[in-house]
1. Compute the FRET efficiency between A:TRP91 and A:ALA51 as 1/(1 + (r/R0)^6), taking r as their Cβ-Cβ distance and R0 = 60 Å, and round to the nearest 0.05.
2. For helix A:254-264, report the angle its Cα long axis makes with the longest principal axis of the Cα atoms of chain A; keep it between 0 and 90° and round to the nearest 10°.
3. Please state, to two decimals, what the Cα-based radius of gyration of the range A:26-151 comes to when divided by 2.2 N^0.38 Å (N = residues).
4. Give the residue from B:LEU62, B:LEU104, B:VAL193 lying farthest towards the positive end of the charge dipole for chain B; charges sit on Cβ (+1 for Lys and Arg, -1 for Asp and Glu) and the dipole is referred to the Cα centre.
5. What Rg and what Dmax come out for the range A:271-344 when only alpha-carbon atoms are used, in angstroms?
6. Determine the relative contact order of the range B:67-381: mean sequence separation of Cα pairs under 8 Å and six or more apart, normalised by residue count, in whole percent.
7. Among the DSSP beta bridges whose two residues both lie in the protein assembly as shown, what percent are antiparallel, rounded to the nearest 5?
8. Nearest 100 Å² is fine: what is the total accessible surface buried where chains A and B meet, probe 1.4 Å?
2 protein chains.
Amino acid sequence: MTVYWCELAWLGTGDADAAGSGDDAAGAVHAGVSITVVGDRIAAIDTEVAAPPPGAVRLEGLTLPGFANAHSHAFHRALRGRTHADAGSFWTWRERMYELAATLDPDSYRALATATFAEMVRAGFTCVGEFHYLHHDRLGRPYTNANEMGDALIGAAQAAGIRLTLLDTCYLSGGIGGGELSPVQRRFSDGDVGMWAERVDALVGSDTLVGSDTVRVGGAVHSVRAVDPKSISTIAEWAANRSAPLHAHVSEQPAENDQCLAAYGRTPTEVLADCGALGPRFTAVHATHLTGHDVALYGSSGSICCLCPTTERDLADGIGPSGALRAAAVAMCVGTDSHAVIDPFEEIRAVELDERLATLRRGTHRPGDLFAAGTAVGHRSLGWHDAGRLAIGALADLVTVGLSSSRLAGTDALHAAAAVVYAATSDDVHHVVVGGQVVVSDRMHQRIDLARDLRRSIRQVWP
Amino acid sequence: MTVYWCELAWLGTGDADAAGSGDDAAGAVHAGVSITVVGDRIAAIDTEVAAPPPGAVRLEGLTLPGFANAHSHAFHRALRGRTHADAGSFWTWRERMYELAATLDPDSYRALATATFAEMVRAGFTCVGEFHYLHHDRLGRPYTNANEMGDALIGAAQAAGIRLTLLDTCYLSGGIGGGELSPVQRRFSDGDVGMWAERVDALVGSDTLVGSDTVRVGGAVHSVRAVDPKSISTIAEWAANRSAPLHAHVSEQPAENDQCLAAYGRTPTEVLADCGALGPRFTAVHATHLTGHDVALYGSSGSICCLCPTTERDLADGIGPSGALRAAAVAMCVGTDSHAVIDPFEEIRAVELDERLATLRRGTHRPGDLFAAGTAVGHRSLGWHDAGRLAIGALADLVTVGLSSSRLAGTDALHAAAAVVYAATSDDVHHVVVGGQVVVSDRMHQRIDLARDLRRSIRQVWP
């Protein structure tokens, strides 16, 4: 048993459920909170505890539930800063990304993912959804263990001390209507959806997974470009039968919508809806270019949308319709996706700040709504209904933000939540607990030499 | 004499002159550069110096010229995190801002500005343009020393170790066409433009200024709302006679354009042009909502536009036309304005990232263009033609960015410039030299306890 005494703690219910009714962040911040952890769960929470009880671990600053990074491609971390030659067009990025995807093997992938996941925990993410489609060897043949790449990701998450939902992704064709796979894309494809399901079921039943408290598996449709409607239906059924999360890239760029309308006479969201994919276990990733009907479909089905603002900036995708989604009571979460940036605060505030740029209106999402997107909703999207909030019985995932940096100095209890949402960075994260284990203390990852391992693993994958 | 040996240094000319021809950042990064400083200037630069010469100070990481923060309202720092109650509308912000402006006195202003300027240096800004209009006492009467508030800012900059251009701002009316001043606005007004000029001339000739190497004075028109065209002409003439920088808030929000068109039949830019304000010493601050003709006027006159992206996000101003400005060969610089964020990297990269969101196109501004905006162009805008570049004879203002944080680990010399533009934060600034003096070392301000002084000075101004 460990007792943590928090100078300040955000005890919001954290659920951005109906129409913007997330907590008022200021009202949910309490001064003097003791959190008792037994095993990997929160056993008790006491408020108005003026001073640390004897033996308690003192956490100065604002303690929050751990953040969930609901959309990640771990290997993209090696692209950071390397896609801006000359001015850095979209093609600069895409060519570099495929070049990288072609070089990885299980060892280099594990090393890179371990360092990347460790960077996430250091930044305050205690859970990650890895959208994993790099399944096979460089010639597109299955490894002897067909899940060797997935196992590498699982080992990486365990080493880094982060919860993982492996979103095992089906990728079958190089373009809408069954386009041929390019050489590198052959690494992504299982051949058909039956082979995909067989491989994923083998993973779910493997020793790696059985008995793990920190790893879960979900399904994913890469996109309507890479998976035909019949296969999408099969994947949706697979996920329903296992009550597993189901994710898909949706409408990240206008060209995808154009191609989908031309091929099917429907938007990507409509295709997914007709295939039975939508519902409370479904997360549409990006959802940048939606029609009003698309938004209504997500609202009526109880689906979640995962915005990835720092990537959507970097790739010039555009600004997602977060105001319309909130008005339709669609829950939103966030992901760092391509890892141009790994910082939960930068991600959640961008949801509101980009909406301001698009609408010239301030205050669509409240600070409590943005915390909810980063914590409870993200965990729900990844199938962790028992994480992402400071509540009795929840998994003991705690992130403590120091308030003494020059970014945050001068705030007080009343304004701490808004100050953290709008001015904190990952550098302000002082202490991270995952499942009752201290993973970050005094701003240092306790198990991994981050600078060294990032440097080594990134340089290893580039010539 | 001090010799600095830089592991990497960006030696770009730093001038974003015609049509996007800024340096290719990667090509301008050199490994092993020694910079010899004599007094407050750079006396020599040697490249291909493999190891630190005996006695040299070793600077690990990427050394850049100091950044210029071309638009600041120092007192707004106390608003950070305090304008988001409930959801935080524009009016939440504006009411809090005026409440704050009403409470300040010379002592509290000096303390707050000292801490804020120190936060800037800590973040890599070695020069600030303070757009200063809080001239008089709480009842709008001149202090015994009419420049007591300006002197407080000058003292603050000197204590913080930052160069200052005091942009003394004329503010005469509460709305376009001569609207009455509200009680708090009476603190801003000198009564008429003649009184403004008289007060500023007294400041320029005062002991505070004469002989200072780190403080200069420029003029500013608050906006076409607060200053009538005739007075604008007088201010433009004042600045021309003194070869001083001239700044104005321009077209930050659409309402300003609407009011200006209704009153004068011209845009704010056209009014300023007709008053003789435009030219190479003129900087239009914000310039968010411009017509094509406005852009052409800035291009043909050689004016500068100062974008303040983090503030323009926070206040829902919108995205400025940086692509159109670049196409018209208008030089751009940046400012942190309301200090929702004080981070030069966040500011410069937002110029490109917001353009991507507006146009869905990647790569309008190159990394070297963005460094130029943050350094040489910003200094030029503030009247420091001899600063903002690493060149023989330039003022010795150096900022060294460490490359070992989890944000930057894994980069190499070829990609260091782009990695710093797109992934660094103020926390990566390890070492800052201003005029040959070390102000920040090992990430700590050498003269000021930043956390303490920010906390004290901010809490002092709020009840």
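The values are calculated or read from the model by the stated rules, or taken from the named source; none is laboratory data. Keep in mind that what you see is a predicted model, and the values were worked out from it rather than measured. With ideal geometry, Cβ positions are generated from the backbone for all residues, glycine too; neighbour counts draw on all protein chains shown. All accessible areas refer to the heavy atoms of the entire protein, side chains included, with ligands and DNA or RNA removed. Shrake-Rupley method; radii C 1.70, N 1.55, O 1.52, S 1.80 Å.
1. That gives a FRET efficiency of 0.50.
2. 50
3. The reported ratio for this selection is 1.53.
4. It is B:LEU104, whose Cα lies furthest towards the positive end.
5. 12.2, 35
6. Rounded, it is 19 percent for the range B:67-381.
7. Bridges in the protein assembly as shown are about 40 percent antiparallel.
8. 4800
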